[in-house]
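Down below is the structure, laid out as structure tokens.
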Amino acid sequence: MILPTAYLPPRSYLEALMSEPATIEQMETFEKQTFRNRCLIRDAKGELVRLTVPVGKVEHKQLTRDIEISYQSRWQHQHWITLVSAYQHTPYFMYFADYLRPFYEKEYKWLLDLNDELNATLVSLMRREKPSVISGQLSARTEDWSGQIWTDKHPWQTELSILDTLFDE
């Protein structure tokens, strides 16, 4: 299976990465305004928030492997603050935050490198056991995780980042 690169992708993307051998396409033409450098989360108020990794000037038909991240703005700080604000009160944020924080402290030159390392970490976390007590027994496999937070108040969103599943109650 060949997949495009993705920043904090939805659960379906990571399930595809985990289910069968997958290759991340590097030689495709980079498409603006896609999940290659954007993700969608739901904040603590239930509002949808789009996080975008800013990239340098994209030339016509520029390959994805050649897309550089721009650091003209403090996007990493802003993304981290937004993630903390959105998920700090979810049951599992404290268990997984330390795995994600380094991605918002290190500067990556290439978007592909950031996404590859971040997604490898997310796949690893999804394969772990959920740190909780369910029916009197400690933990359950992540395939039993239900999905998104705040669905009791807001409708299900198919393209929400995997973070909603990871921090799910």
Could you list, in sequence order, the residues of the stretch 91-114 that are of a type outside the set (A, V, I, L, M, F, W, C) and in contact with a Ser or Thr (Cβ under 6 Å, 6 or more places away or on another chain)? Tyr99
Return the total of residues in the stretch 65-113 being modelled with pLDDT of 95 or more, outside any helix (DSSP H, G or I) and not aromatic (Phe, Trp, Tyr). 11
Are any of the residues in the stretch 81-90 of a type outside the set (Asp, Glu) and touching a Ser or Thr at 6+ places or on another chain (Cβ under 8 Å)? no
Identify the residue in the stretch 1-47 that is out of contact with any Ser or Thr (no Cβ under 9 Å at 6 or more places or on another chain) and among the small types (Gly, Ala, Ser) and, among all such residues, is modelled with the highest pLDDT. Ala16
Name the one entry in Ile2, Ile67 that is in contact (Cβ under 8 Å) with a residue 40 or more places away in the chain and among the hydrophobic types (A, V, I, L, M, F, W, C). Ile67
Regarding the stretch 103-117, can at least one residue be identified that is surrounded by 15 or more Cβ atoms within 10 Å (Cβ to Cβ), under 22 Å from Leu3 (Cβ atoms) and among the hydroxyl-bearing types (Ser, Thr, Tyr)? yes
Take the residues in the stretch 48-64 that are outside any loop (DSSP other than H, G, I, E, B) and within 19 Å of the chain's Cα centre (by Cα), then tell me which one is surrounded by the fewest Cβ atoms within 10 Å (Cβ to Cβ). Arg50
Do you know which residues across the stretch 7-37 are exposed (fewer than 13 other Cβ atoms within 10 Å of the Cβ), more than 24 Å from Glu68 (Cα to Cα) and of a type outside the set (D, E, K, R)? Ser12, Ser19, Pro21
If Phe96 satisfies every condition in (1) touching a helix residue (DSSP H, G or I) at 6+ places or on another chain (Cβ under 7 Å); (2) free of Cβ contacts under 8 Å to residues at least 24 places away in the same chain but one, which is the exception? (2)
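The values are calculated or read from the model by the stated rules, or taken from the named source; none is laboratory data. Bear in mind that the values here come from a model prediction, so they are computed numbers and not experimental data. Using ideal geometry, Cβ is built from the backbone for each residue, glycine included, and neighbour counts are taken over all protein chains shown.
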